[in-house]
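Participant: After the structure tokens below, expect a handful of questions from me.
The values are calculated or read from the model by the stated rules, or taken from the named source; none is laboratory data. Quick caveat, the model's predicted, so the values are computed rather than measured. No Cβ is skipped: glycine too gets one built from the backbone with ideal geometry, and neighbour counts run over all protein chains shown. We work out accessible area using only protein heavy atoms, side chains counted, and drop any ligands, DNA or RNA first. Shrake-Rupley method; radii C 1.70, N 1.55, O 1.52, S 1.80 Å.
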Amino acid sequence: MSHMTNPLATPDQLFQRRSYGALPIELQDAIFFATQCLTQAAGILLELPQSVTAQANVLLARYWLVEPPMSHEFSDVSAATLYLVAKLSPTPRSPRDLSNTYFYLLSPHTSFFRPPNSPPPPPPPPTAPPASASPSHLPTESTYLRFHTRLLHLEAHILHALSFNTHAALPHPLAITYLQALDFLHVRKETVARTTIQYLNAALLSPQMLYLTHQPNALAVAAVYNAARDVGAKMPECEWWEVFDVEREELGFLVVGMRSLVGWGAQMRRELDEMTGGKGGMVRRRDVEAELGRRGIRVGNGEGDGGGGPEGSGLDAEEEMARRMDEKMAEVEMAS
Amino acid sequence: MASKSKSRWADDEADAALEAQLKKAKEEKKRIKAEKLRKLEAETHAREAAAAVAVAAGTHEGDNSANEPPAKRRRISPARETVQTTAAGVDGSGGALQLLRFDGGTFGRCRSVENYDKLNDIEEGAYGWVSRAKEIATGKVVALKRLKIDPKDRGGLPVTGLREIQMLKDCDHRNVVKMREVVVGDDTSKIENIFLVLEFVEHDLKSILEDMPEPFLASEVKTLLQQLASGVAYLHDNWILHRDLKTSNLLLNNRGQLKIADFGMARYVGDPPPAKLTQLVVTLWYRAPELLLGAARYTAAIDVWSVGCIFGELLTREPLLQGRHEVDELARIFALCGIPTDDTWPAFRRLPNARGLRLPGKTAAASGATIRTRFPLLTAAGVALLSGLLALDPDRRPTAREMLAHEYFRQDPKPKQEAMFPTFPSKAGQERRRRRETPNAPARGQAAVDLGAVDFSGIFSGREKEERGGGFSLRMV
């Protein structure tokens with residue numbers, strides 16, 4: 001049965017999220033959205049199957065309900081979950097590959113989270129860099145070593161926070177099975193199946209954390225329902241979702257949750273764009289801190305829940321210094 | 001999951017467990033419902049939006065919440081009957097629809113090892129240290145298995161250890177050792193000490209077999225084998241290959257219960273089996289011939305072979321096939337089970353290491369199986385079962401489930417009731433166990449042994465001479 005069930009978040013955990021280090025909930029949502037997108041992008045560049053990347057998304061969402069997001073750099077958490085899940089899957093990826101990929105995704109070269117009108121990105125060869133690749137596409141050896149150390153540290157940290165439970169059941173196979181049971185609603189198999197999977201993948205990014213509050217069967221039914229409506233397929237007259245053990249209430253909630261993602265995603269991107277100062281790209285901790293400064297909220301380095309630990313500040317004094325200076329610059333720019 | 005062919009007593013126990021489980025599930029259901037209500041309240045805003053859209057769209061035409069007050073206006077569906085006939089888990093008594101609720105538990109940080117008080121060391125194996133400990137809060141005695149971590153390993157935490165944890169977490173069977181939780185050392189800034197909290201089981205089968213003056217009775221062998229088969233069947237039903245079944249990994253408590261332990265080699269597989277599995281699995285003496293011959297695609301039948309080896313060991317108190325190295329192991333297998341032919345193992349010639357294999361001709365004296373002669377005291381059904389388990393062709397071995405239905409378990413003497421099982425002085429209880437001479441399971445990352453053509457022709461030409469000399473000498477070294 002464990003292949004079809006997931007551990008779910010407790011109401012306490014969901015509630016507690018609102019109290020993390022005074023970080024406003026909309027900022028947390030934006031960080032969540034950006035980081036999950038980053039994981040997906042990295043998964044594609046690393047040629048990982050979506051089943052692996054999606055599991056990494058789920059683990060990351062769980063981790064951030066146990067540990068406040070500000071205690072580690074977001075991209076590092078994304079890399080560590082992806083590394084961990086890939087390691088346990090039939091398709092492991094080396095720390096070197098991850099380092100290259102994330103370095104690229106965080107560099108100014110990528111199209112990741114850039115406005116569509118920006119100059120086209122250079123061809124990305126992140127995993128198998130030819131000798132001629134410009135050096136700025138690849139991390140230096142010391143950057144790689146620091147990334148690797150952070151990766152291993154975070155891996156253990158995440159496992160500790162999740163009690164070493166890396167199990168994440170995905171609704172995707174169930175959704176296909178349900179579609180088969182429904183005879184693909186007598187429309188083209190490919191269309192309705194693709195739309196269903198798209199809904200499920202998009203739901204991974206939802207700030208409502210649908211994968212942590214609902215079991216895979218409910219997610220699958222909701223995605224099938226949405227897809228059927230989108231392609232205009234005729235659903236059975238009866239309450240067919242009950243066959244798959246989903247209540248109408250639950251289905252309604254999920255259906256709306258999944259449908260609302262489109263508008264919400266666009267809004268998030270605008271917000272993220274603002275936060276990164278119009279430069280685009282992945283949001284970083286210093287961006288969030290600067291944003292908080294603009295709003296007049298002071299927040300320590302994850303000290304809100306004592307989960308930050310010394311590694312965030314002590315590990316890399318140089319980077320910390322650079323971060324401070326960036327913040328200062330941002331403040332100066334604000335003032336002028 | 002307990003077998004059907006169990007004694008009445010065992011069945012009763014299983015029933016009681018099932019009942020308790022059902023009750024628990026019911027309570028859990030209640031809890032989840034209450035939780036959901038709270039959660040939904042916290043998200044009133046989103047819910048209102050949901051209601052608005054649902055009503056606007058007008059696509060919902062049913063009412064399934066007979067057991068809770070309607071939160072908003074709804075139409076009553078006329079399609080009730082059709083739903084009842086098709087829905088899974090319809091509650092026949094009241095007509096109210098009862099949906100299955102899945103409980104996956106919750107997640108959260110793991111506890112500290114300081115919650116346990118260490119009593120004594122038990123064993124140091126290839127994959128970690130095991131010690132006996134007492135939970136301070138409850139006084140319950142457990143076994144703490146420390147995961148071996150190499151801090152210099154730049155790959156991070158060992159994947160075998162993580163797999164073992166995940167599989168033990170997923171398993172719940174009376175013949176599989178239970179993991180209660182995972183705890184870590186107090187210094188959580190650096191996770192170096194990881195302990196698996198396992199149920200404490202007094203003995204391992206290996207040391208019992210070594211120390212017992214008389215072999216197990218036939219009825220006792222049946223009980224043990226039946227429990228082993230039932231545990232292995234459970235694992236295989238859940239897509240787990242153990243890949244290191246041997247007597248030192250089988251634990252026995254003082255109530256006669258056998259538990260499969262040590263999942264350091266185990267992994268999840270699918271159907272069809274993954275194409276490239278490592279051949280470096282299973283301790284040599286329990287390794288199936290297809291693994292020795294280099295098959296990269298293998299099935300649950302490799303565990304069944306190990307079960308066969310354990311069966312033989314239970315009967316004689318000696319490991320059945322104590323090869324000194326891969327080639328020797330293979331020679332011993334052929335001596336016991338016969339030389340593979342196109343009849344007994346059609347796919348055999350296609351295996352990577354079989355090409356260079358020069359086998360004695362069909363006329364050779366020892367081309368047939370000698371299982372019958374090696375176990376003169378075993379009943380015909382017993383011999384049939386053992387020969388089946390040790391069939392050279394993996395496709396001809398019975399599955400663990402099929403094995404449970406074998407006539408051997410129904411014949412007299414019947415399997416002994418677990419409660420009537422003899423007890424043994426505990427070694428794990430007090431003194432440190434000595435290290436076993438059993439070879440360890442192959443380590444990860446070793447190169448697979450390539451049995452060269454040279455090796456084989458040499459061994460087998462020697463073997464032919466040996467045959468002419470007067471049959472196989474199978475005295476143990």
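Participant: With respect to A:Leu8, is the statement that it is within 14 Å of chain B (Cβ to nearest Cβ), more than 22 Å from A:Ala290 (Cβ to Cβ) and touching a residue at least 60 places away in the same chain (Cβ under 8 Å) true?
Facilitator: yes
Participant: For the structure I just gave you, tell me whether B:Leu225 is within 17 Å of B:Cys309 (Cα to Cα), outside any helix (DSSP H, G or I) and open to solvent by less than 10 Å² (accessible area, probe 1.4 Å). Walk me through how you get there before you give the answer.
Facilitator: Values: within 17 Å of B:Cys309 (Cα to Cα): yes; outside any helix (DSSP H, G or I): no; open to solvent by less than 10 Å² (accessible area, probe 1.4 Å): yes.
Judged against the criteria, B:Leu225 is not a match.
Participant: Kindly indicate which of A:Ala61, A:Ala54, A:Ala79 is more than 14 Å from chain B (Cβ to nearest Cβ) and buried (at least 21 other Cβ atoms within 10 Å of the Cβ). Break it down stepwise before answering.
Facilitator: Values: A:Ala61 fails: more than 14 Å from chain B (Cβ to nearest Cβ); A:Ala79 fails: more than 14 Å from chain B (Cβ to nearest Cβ).
Result of the check over A:Ala61, A:Ala54, A:Ala79: A:Ala54.
Participant: Another question, if that's okay. What are the residue pairs meeting all of these: first residue in segment A:142-154, first residue facing chain B (nearest Cβ under 9 Å), second residue open to solvent by 50 Å² or more (accessible area, probe 1.4 Å), Cβ atoms under 7 Å, and 6 or more apart or on different chains?
Facilitator: Filtered contacts from segment A:142-154: A:His148/B:Arg154.
Participant: Modelled with pLDDT of 90 or more and within 14 Å of chain A (Cβ to nearest Cβ): is that true of B:Leu196 in this structure? So that I can check it myself, show each step before the final result.
Facilitator: Working: modelled with pLDDT of 90 or more: yes; within 14 Å of chain A (Cβ to nearest Cβ): yes.
Spelling it out, B:Leu196 is indeed modelled with pLDDT of 90 or more and within 14 Å of chain A (Cβ to nearest Cβ).
Participant: Could you say whether any residue in segment B:268-277 is within 29 Å of B:Leu196 (Cα to Cα) and outside any loop (DSSP other than H, G, I, E, B)?
Facilitator: The answer is yes; a qualifying residue exists.
Participant: Can you confirm whether A:Ala218 is away from chain B (no Cβ under 12 Å), assigned to a helix (DSSP H, G or I) and not polar (S, T, N, Q)? Even if it seems obvious, please write down each step before you answer.
Facilitator: On the way: away from chain B (no Cβ under 12 Å): no; assigned to a helix (DSSP H, G or I): yes; not polar (S, T, N, Q): yes.
Spelling it out, it is not the case that A:Ala218 is away from chain B (no Cβ under 12 Å), assigned to a helix (DSSP H, G or I) and not polar (S, T, N, Q).
Participant: Oh, and also: Go over the candidates A:Ala233, A:Ala193, A:Ala202 one by one and state the one that is among the hydrophobic types (A, V, I, L, M, F, W, C), free of Cβ contacts under 8 Å to residues at least 40 places away in the same chain and surrounded by fewer than 23 Cβ atoms within 10 Å (Cβ to Cβ). Quick ask: steps written out before the conclusion?
Facilitator: Details: A:Ala233 fails: free of Cβ contacts under 8 Å to residues at least 40 places away in the same chain; A:Ala202 fails: free of Cβ contacts under 8 Å to residues at least 40 places away in the same chain.
Result: A:Ala193 is the single residue among A:Ala233, A:Ala193, A:Ala202 that is among the hydrophobic types (A, V, I, L, M, F, W, C), free of Cβ contacts under 8 Å to residues at least 40 places away in the same chain and surrounded by fewer than 23 Cβ atoms within 10 Å (Cβ to Cβ).
Participant: Sticking with this one: Restricting to segment B:294-317, give me the number of residues that are surrounded by fewer than 24 Cβ atoms within 10 Å (Cβ to Cβ) and either over 15 Å from the mean Cα position of the chain (by Cα) or of a type in the set (S, T, N, Q) (or both).
Facilitator: Within segment B:294-317, residues that are surrounded by fewer than 24 Cβ atoms within 10 Å (Cβ to Cβ) and either over 15 Å from the mean Cα position of the chain (by Cα) or of a type in the set (S, T, N, Q) (or both) number 12.
Participant: Taking A:Lys87 as meeting all but one of (1) within 11 Å of chain B (Cβ to nearest Cβ); (2) open to solvent by less than 20 Å² (accessible area, probe 1.4 Å), write down the number of the exception.
Facilitator: (2)
Participant: Among the candidates B:Gly294, B:Gly312, single out the residue that is modelled with pLDDT under 90, assigned by TED's automatic domain parsing to the domain that holds B:Ala233 and out of contact with any Asp or Glu (no Cβ under 7 Å at 6 or more places or on another chain). Lay out the reasoning, then the answer.
Facilitator: On the way: B:Gly312 fails: modelled with pLDDT under 90.
From the options B:Gly294, B:Gly312, the qualifying one is B:Gly294.
Participant: Which of the residues spanning segment B:136-148 are crowded, with 16+ Cβ neighbours inside 10 Å and not β-branched (Val, Ile, Thr)?
Facilitator: B:Ala143, B:Leu144, B:Lys145, B:Arg146, B:Leu147, B:Lys148
Participant: How many of the residues making up segment B:170-193 are within 11 Å of another protein chain (Cβ to nearest Cβ) and at pLDDT 90 or above?
Facilitator: 7
Here's the yes/no breakdown for (1) more than 30 Å from B:Met167 (Cβ to Cβ); (2) at pLDDT 90 or above:
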| residue | (1), (2) |
| --- | --- |
| A:His3 | no, no |
| A:Pro7 | no, yes |
| A:Asp12 | no, no |
| A:Phe15 | yes, no |
| A:Ala22 | yes, no |
| A:Leu27 | yes, no |
| A:Thr39 | no, yes |
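Participant: Scanning for something away from chain A (no Cβ under 14 Å), of a type outside the set (Gly, Ala, Ser), within 30 Å of B:Lys414 (Cα to Cα) and touching a residue at least 40 places away in the same chain (Cβ under 8 Å), does segment B:141-157 turn up at least one residue? Full working, then the answer.
Facilitator: Restricting attention to segment B:141-157, the residues satisfying the condition of being away from chain A (no Cβ under 14 Å) are B:141-144, B:148.
Cutting the leftovers down to of a type outside the set (Gly, Ala, Ser) gives us B:141-142, B:144, B:148.
Cutting the leftovers down to within 30 Å of B:Lys414 (Cα to Cα) gives us none.
No, segment B:141-157 has no match at all.
Participant: With respect to B:Val201, is the statement that it is open to solvent by less than 20 Å² (accessible area, probe 1.4 Å), within 14 Å of chain A (Cβ to nearest Cβ), of a type outside the set (D, E, K, R) and in contact with a strand residue (DSSP E or B) (Cβ under 8 Å, 6 or more places away or on another chain) true? Before the answer, list the steps.
Facilitator: Details: open to solvent by less than 20 Å² (accessible area, probe 1.4 Å): yes; within 14 Å of chain A (Cβ to nearest Cβ): no; of a type outside the set (D, E, K, R): yes; in contact with a strand residue (DSSP E or B) (Cβ under 8 Å, 6 or more places away or on another chain): yes.
The answer is no for B:Val201.
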